[in-house]
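Structure record follows, encoded as structure tokens.
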Amino acid sequence: MLRILVTNDDGIEALGIKRLVEALLVLDQAEIFVVAPDEEKSGVGHGVTYRTPLATEKRDFYGLPVKAWAVNGNPADCVKAAYHLLFAAEEKPDIVFSGINVGTNLGRDIYYSGTCSGAREAVILGVPGVALSYDNWYDQENYGDVVQMIAPLVKDFAERAGKGELAPEVFWNINIPHVPLAQVKGIVPATLSLHHYEDKYSEAAEGYFLMREYPQVMPIAEPYDYDLVKHDYIAVTPVHIDATDRSLLKQMDGWPLMQPWEKQGEQADE
């Protein structure tokens, strides 16, 4: 039986996590555990809690046949605590799904997103992780056909995880357009769009709020996640957690300063 762990960053009472569980409940032979923050934790990135104790509270989850707990921490805390405290050593989760987030997590959002950190923490612990986000920021109570849209995706990822077919050290970032199911053009591999918005600060009486300014949507020139979602595709990006630039490592071998101390001494003597 597949063991599936579900988390999010919008809080355990968010509608998005309910929709994700509904999509997962159609799977045969799957046991679902929900461990999510007790309040919204959007934009916390990969923060974990050290200086205050984590507390867990068992919850009923919309009357659905799952086991659920709320945690007074961040998404990464939820995954880490579930992994170490909820599951026995021989019964670790087969896969972690994080979401469904209100609004997209595209491009450099993956560094700020609590949704993505839930999936990333799973991969750090050696468990496949999948983050799901829905482009409904301006229509937050409307999840439309999202359950039908993601049902084949979560089924495919869960089955691949159960067979050990998913690449290690990679989490999967899925972004879904806010359109009717019939309007979705396909599910496609996507590159992170790192420069599709600019930060702007809006002044208010109490201070400044961080906002974003987005460009006009242009025809697709590259398979960037932002462009694809805005053109009604579901974008799926494999994100490797090892951010080392190995090509630069080789170049650095030629930097005089980047040498073992004994070699630097030899060069000084010459």
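Which is more than 23 Å from Leu153 (Cα to Cα) and open to solvent by less than 40 Å² (accessible area, probe 1.4 Å), of Gly16, Gly47? Don't jump to the end; show me each part of the working.
On the way: Gly16 fails: more than 23 Å from Leu153 (Cα to Cα).
Every option except Gly47 fails the conditions.
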So, His196, is that one open to solvent by 80 Å² or more (accessible area, probe 1.4 Å) and within 26 Å of the chain's Cα centre (by Cα) or not? no
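Kindly indicate whether Val179 is more than 18 Å from the chain's Cα centre (by Cα), assigned to a loop (DSSP other than H, G, I, E, B) and either surrounded by 15 or more Cβ atoms within 10 Å (Cβ to Cβ) or of a type in the set (Lys, Arg) (or both). Spell out the reasoning first.
On the way: more than 18 Å from the chain's Cα centre (by Cα): yes; assigned to a loop (DSSP other than H, G, I, E, B): yes; either surrounded by 15 or more Cβ atoms within 10 Å (Cβ to Cβ) or of a type in the set (Lys, Arg) (or both): yes.
Yes.
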Would you please list the contacts, defined by Cβ atoms under 7 Å and residues six or more apart or on different chains, that run from a residue in the range 242-253 that is under 23 Å from Ala122 (Cα atoms) to a residue that is assigned to a loop (DSSP other than H, G, I, E, B)? Asp242/Glu169
Here is a list: Phe171, Phe157. Which entry is open to solvent by less than 50 Å² (accessible area, probe 1.4 Å), touching a His at 6+ places or on another chain (Cβ under 9 Å), within 30 Å of Asp28 (Cα to Cα) and not aliphatic (A, V, I, L, M)? Phe171
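To keep it simple, each residue is scored yes or no on (1) under 19 Å from Thr115 (Cβ atoms); (2) at pLDDT 95 or above; (3) open to solvent by less than 60 Å² (accessible area, probe 1.4 Å).
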position	(1), (2), (3)
Glu203	no, no, no
Ile234	yes, yes, yes
Pro238	yes, yes, no
Asp253	no, no, no
Gln267	no, no, no
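For every residue, the table says whether it meets (1) touching a strand residue (DSSP E or B) at 6+ places or on another chain (Cβ under 7 Å); (2) over 27 Å from Pro168 (Cβ atoms).
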{"residue": "Tyr197", "(1), (2)": "yes, yes"}
{"residue": "Glu203", "(1), (2)": "no, yes"}
{"residue": "Glu206", "(1), (2)": "no, yes"}
{"residue": "Arg212", "(1), (2)": "yes, yes"}
{"residue": "Leu228", "(1), (2)": "yes, no"}
Being in contact with a helix residue (DSSP H, G or I) (Cβ under 6 Å, 6 or more places away or on another chain), open to solvent by less than 30 Å² (accessible area, probe 1.4 Å) and closer than 18 Å to Glu22 by Cβ narrows it down to one residue among Gly99, Gly129, Gly114, Gly118; which is it? Gly99
Name the residues in the range 216-232 that are within 16 Å of Thr104 (Cα to Cα) and in contact with a helix residue (DSSP H, G or I) (Cβ under 9 Å, 6 or more places away or on another chain), would you? Val217, Asp232
Filter the range 1-13 for residues that are in contact (Cβ under 8 Å) with a residue 60 or more places away in the chain and either surrounded by fewer than 21 Cβ atoms within 10 Å (Cβ to Cβ) or not in a strand (DSSP E or B) (or both) and give the result. Leu2, Arg3, Asn8, Asp9, Asp10
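The values are calculated or read from the model by the stated rules, or taken from the named source; none is laboratory data. Computed from a predicted model, the values in this text were never measured in an experiment. Note: ideal-geometry Cβ built from the backbone for every residue, glycine included; neighbour counts use all protein chains shown. Heavy atoms of the whole protein, side chains included, go into the accessibility calculation; ligands, DNA and RNA do not. Shrake-Rupley method; radii C 1.70, N 1.55, O 1.52, S 1.80 Å.
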